[in-house]
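Have a look at the structure below, then the notes.
Read the figures in this text as sums done on the coordinates, not as results from a lab. Being a predicted model, the structure only gives us computed values, none of them experimental. With ideal geometry, Cβ positions are generated from the backbone for all residues, glycine too; neighbour counts draw on all protein chains shown.
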Amino acid sequence: MTKFTRRDFVKAVGAASALPLLGASAQAAEPFKVGFIFLGPVGDYGWTWAHDKGRREMEAALGGAVKTTYVENVKEDASAIPILRDLARQGNKLIFATSFGYMDQVLEVAKEFPDVRFEHCTGFKRAANVSTYNSRFHEGRAVTGTIAGKVSKSGVIGYLGSFKIPEVVMGVNAFTLAAQAVNPKIQTKLVMIDSWFDPAKETAATETLANLGCDVIATHTDSPAPLQFCQKKGIFGFGQGADMSKFAPKAHLTAIEDIWGPHYTARVKAAIAGTWKSEDFWDGIKEGAVKVSAYNASLAQDAQDAANKVIEGYKAGSYDVFTGPIYDQGGALKVKEGQKMGLGDLATIDWYVKGIQSA
Amino acid sequence: MRLRLEKRLEPSRTMLVMTPVLSVIAIMILGVIIFDGLGYDGPQAVWELFFTPVLDVYKWRDVASKAAPLIIIALGLSLGNQAKIWNIGAEGQYILGAIGAAGVAFVTQSMTGFWIIPLMILVGMTCGAFYAAIPAVLRTRYGVSEVLSSLMFVYVSLQLLSYLITGPWKDPDGHNFPQTAQLTDAQVLPHEVWNSGILPGLLIALIVAIIFYIIVSRTVFGFSVRAIGEAPHAARYGGFSSNGIVWATLMISGAMAGLAGVLELMQLTRLNLGFPSGYGFTAIIVSLLGRSHPIGVFIAGIVLAITYVGGQVAQTVVHVPNATAGLFQALLLFAILASDLLVRYRVRINVSSPPKEGQRS
């Protein structure tokens, strides 16, 4: 007990008042500090796990030049503010906030710490010291949709959504359009569970979709629980955010992997070099931010070929799943033949394409 | 041979006050052992969890902002607890309070004036109170247990929230994300009261605690609440209306939860799907830990807030997992409830005589 009284008292209380001063004089020798706040636990094997993997890759790439700190399970409410403030006060000079719901909180804390840089994932508000970054996940959804269209025997596929936000709407639309491109009769059943990470709720919703006749189910939530259910039921699914094949070796057809490492490495390097600027990133398959995992060995060759064609198309810039004609649920023409939806329209999309039924 | 619990005639007053304190100390020692066993720096983890939030002036504000809603809701609940009327749905009333205030904000978006904030608070409290009145109707007219109905209305309130922010109240500049427009400067309380560094929420919590103290200890209403709880039949002979108490305690606790919702909305500055974060449920623990006494509730709210804030500090400094804060809250609750039992009952080893009437086994 005597051990901690002295040393840690200095650390805890002294740090509060003296850290800005200490930091300034000792900075040259100390590693550059980078903070992260995560929505889920790093062990979710999905969204947060992928961000944490990116953090570890960045740390490995930059070696001793950088020191990272993360906080997991940060709620998207006012309690994110003190956590962001803490990270800034503890000397982190670049802070990544990895969920949409931190947007206003990041901007508020960024105002208090003009010399600290922030990067907010999936948001749309920027400031001089706040960047935004995102991935074109819908490109991966176009690949999994293509596979689902090929694999489904019933012609009914499922989509387990979280919230009705543009990213999810974009995802289910891309999934459905790609599936319809290989099988025009495809119908997609959609369930929203109002949560990103809730294995019990995710399983229950997957069961609902299976009961509605879906034999391939994609998830837009973060845990492997839906896949485990698919495996038990003998139907198919996809990993979300990371390769989840070890949780359901039979059901796991492939996965959309979020690759954040290169972005984190590049941005931390820029911050260290002093070339960091407030920007907006939206990378996809071409840039390597979205990756499709190895296919399940049981997946038929023609399905693999069709999926590869979509991937190659995105890499070459010759394919876009959001190419007209696209109709909405009511049958109204939203995108004319030959036209493409711009990223600006996609970023605010709130309508579903024809063939999607909200269950 | 069996163990049985025998009620003590007069639980020791000293022990009733001392057990929560002793529990906290016991948990700290246990924490050092657990963390060391897991390979972390045990003493430092416990230090960060329990002392940094108290000693670091900069963290007081975080503790206060976490404690204020817990205390306000728990004070409301404590009144019902004394009458043995259990409002489990404070989370729903908290959400309704925020919805009411957000409704005022929606209408007054382009207006300014000192009256907007009081109106938001008033409407929020009214919404919370009326939302809690639904379980009161069900209980007094149809005999439905308020434990079940109040809990179920939490889920209804979540649906209502979801409908409003994805539909009619959706922020037109929000890129179709489900959230309301940001509150204007005329719609939020200042960050601190008269530049004193005191959070308005905590000041309000303190005032509410004093008011509740006066109500409970100095008014006939406070007496009737306790009477109904401790001896319902006697209270009825005494002329107190048990239905009236059901209505009053539920609506008061609803109004308090609504007030907390309004204050939290002003901190977050908009309603979104992340808004309901469980204060209404945690406040139930706070009211029980505080033994449903206004001073106890105030202290319990601060202690629980400290474990939250300390959990975050420990995560960033010692890198212990986030689940630790929850672990400590659970251990604390367990220790207090267990010692409570031992203060009120004594353990007797009984050789082969059947349990007698009125005894727990």
Listed residues A:T176, A:T275, A:T68; largest mean-square fluctuation, Gaussian network over chain A with Cα springs below 10 Å, found at A:T275
Expressed to one decimal in nm², the mean projection of the alpha carbon convex hull of chain A is 19.8 nm²
Nearest 10, in degrees from 0 to 90: the angle of helix A:80-89 to the longest Cα principal axis of chain A is 40 degrees
Here the gain from full extension of B:E192 to B:Y345, 0.36 nm per residue of separation minus their alpha-carbon distance, amounts to 50.5 nm
Sorted by chain and then number, the residues having a modelled amide H within less than 5 Å of the amide H of A:Y319, at least 5 places away or on another chain, are A:Y314
In terms of the alpha carbon gyration tensor, root eigenvalues a ≥ b ≥ c, rounded if a/c is under 1.5 and otherwise prolate when a/b exceeds b/c or oblate, region A:275-359 is oblate
Counting other chain Cβ atoms within 10 Å of each Cβ in B:250-258 and taking the mean gives 0
Here region A:150-161 yields Karplus 3J(HN,Hα) values (6.51, -1.76, 1.60; θ = phi - 60°; whole Hz; Gly and Pro given as x) of 6, 7, 5, 8, 7, x, 10, 10, x, 9, 9, x
Kirkwood calc, the protein assembly as shown, C-alpha pairs only, radius in angstrom 27.9 Å
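Length gain on complete extension for the stretch A:A294 to A:A200, per 0.36 nm per residue less the alpha carbon to alpha carbon distance?
So the chain would gain 31.1 nm between A:A294 and A:A200.
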Residue by residue through region A:199-209, the couplings from Karplus 6.51 cos²θ - 1.76 cosθ + 1.60 with θ = phi - 60°, in Hz, x for Gly and Pro, are x, 5, 5, 4, 5, 4, 5, 5, 5, 4, 4
Per the rule of 0.36 nm per residue minus the C-alpha distance, extending B:D173 to B:V57 adds in nm 38.0 nm
Site B:I211, offset 7 angstrom along Cα→Cβ, radius 18 Å on amide nitrogen, limited to region B:124-143, gives B:124-133
Taking Cα pairs closer than 8 Å and at least 6 residues apart, the relative contact order of chain A in percent is 17 percent
In degrees, nearest 10, the alpha-carbon axis of helix A:103-112 is tilted away from the dominant principal axis of the alpha carbons of chain A by 20 degrees
Across A:72-85, the residue-averaged tally of Cβ atoms belonging to other chains within 10 Å stands at 6
Pseudo-spin-label distance B:Q159 to A:N183, built 7 Å along Cα→Cβ, given in nm, is 3.3 nm
Candidates B:F114, B:F281, B:F212; GNM for chain B (alpha-carbon contacts under 10 Å) flags as most fluctuating B:F114
The answer for A:G241, listing residues at least 5 apart or on another chain whose modeled amide H is closer than 5 Å to its amide H, is A:I256, A:D258
Counting every C-alpha pair in region B:65-291, the percent lying more than 33 Å apart is 18 percent
Interchain or sequence-distant (5+) residues whose placed amide H lies within less than 5 Å of the amide H of A:K189 are A:I157, A:G158, A:Y159, A:Q357
In whole Hz, the Karplus estimates of ³J(HN,Hα) for region A:33-45 (6.51, -1.76, 1.60; θ = phi - 60°; x where Gly or Pro) are 9, 10, x, 9, 10, 10, 6, x, x, 5, x, 6, 6
Within the set B:T307, B:T14, B:T282, GNM on chain B using Cα springs under 10 Å gives the largest fluctuation to B:T14
